[in-house]
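Since the structure comes first, as structure tokens, the remarks are kept for the end.
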Amino acid sequence: MHRMFGLAPLQRLSLPEEFALLSYGENGRVPNSRQTAAGCAAAELGELALRRRLLVRPRRTRKLGVDIYRLRGEIELFPSTPHTSLTWADGLLAALWTRSTALDPRPLTVTRWLRERGREALALHTSALVERGVLRQRPGTLLTRTRHHPDAALRTALIDGVRAVRAEQVPLDEHMLFLCDLLDGAGLTKDFGLTMTRPQRLERARGIGAAGALPETLRDTSTVLGFSLPAREGRTITVGD
């Protein structure tokens with residue numbers, strides 16, 4: 001069971017809320033709105049995977065004993081699953097089922113879905129964090145856009161949780177697997193001084209080390225989601241640029 005470090009129950013966040021909160025810097029901006037939007041959409045899929053509502057099946061081959069991931073992972077939905085406790089998650093599942101049954105010969109891949117869902121996901125979870133009081137919204141002016149400043153204590157607690165997992169002070173659970181893969185994919189762990197190299201990320205995907213205790217299907221899903229995020233551009237921008 002994922003546990004927030006020192007947080008009251010009302011402050012426990014979903015995976016996309018955690019990703020969104022950690023994406024906003026002290027200046028109230030995200031490093032890149034396109035990448036952050038895709039990350040929020042990927043985190044939504046991750047939350048549904050953690051709740052056993054879907055998986056992402058990677059296209060994976062093996063050469064010279066090494067697994068090679070093709071990042072056009074396809075979204076596989078689980079039929080006849082009950083509703084979640086999250087309104088946005090149930091709406092998202094309905095949208096995914098509609099897409100999966102549409103008369104479209106192309107499979108619903110992760111990269112395709114992230115492009116379509118990203119901005120909506122970022123706006124949705126940013127608004128939710130503002131409503132919960134863990135993002136402080138500062139209205140824009142004629143020359144500046146609205147900024148969102150994260151609650152410093154909550155943001156620090158989340159980063160400390162990732163740091164504790166990396167230092168093997170606490171076990172790597174399923175939730176932290178997804179959060180770490182998403183943060184690595186977005187380059188945010190580098191911002192936190194917790195850089196993990198691509199070979200290290202692939203070792204985690206193969207179940208080497210602490211990740212070996214976690215289901216392979218979840219490792220595959222988390223790996224594809226993390227590697228599917230677009231590269232960060234060089235400039236810092238606000239949401240809406």
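The values are calculated or read from the model by the stated rules, or taken from the named source; none is laboratory data. All of these numbers come straight from a predicted model, not from anything done at the bench. Glycine gets a Cβ as well: all are built from the backbone with ideal geometry, and neighbour counts include every protein chain shown. What goes into the accessible areas is simple: the full protein's heavy atoms, side chains included, and nothing from ligands, DNA or RNA. Shrake-Rupley method; radii C 1.70, N 1.55, O 1.52, S 1.80 Å.
Structure values in brief
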{"quantity": "So Thr195, is it open to solvent by 40 Å² or more (accessible area, probe 1.4 Å) and either within 16 Å of Cys40 (Cβ to Cβ) or out of contact with any strand residue (DSSP E or B) (no Cβ under 8 Å at 6 or more places or on another chain) (or both)", "calculated": "yes"}
{"quantity": "Positions within region 104-130 being touching a strand residue (DSSP E or B) at 6+ places or on another chain (Cβ under 6 Å) and not in a helix (DSSP H, G or I), in sequence order", "calculated": "Pro107, Leu108, Thr109"}
{"quantity": "Tally of residues being at pLDDT below 90 and farther than 24 Å from Arg72 by Cα across region 195-241", "calculated": "9"}
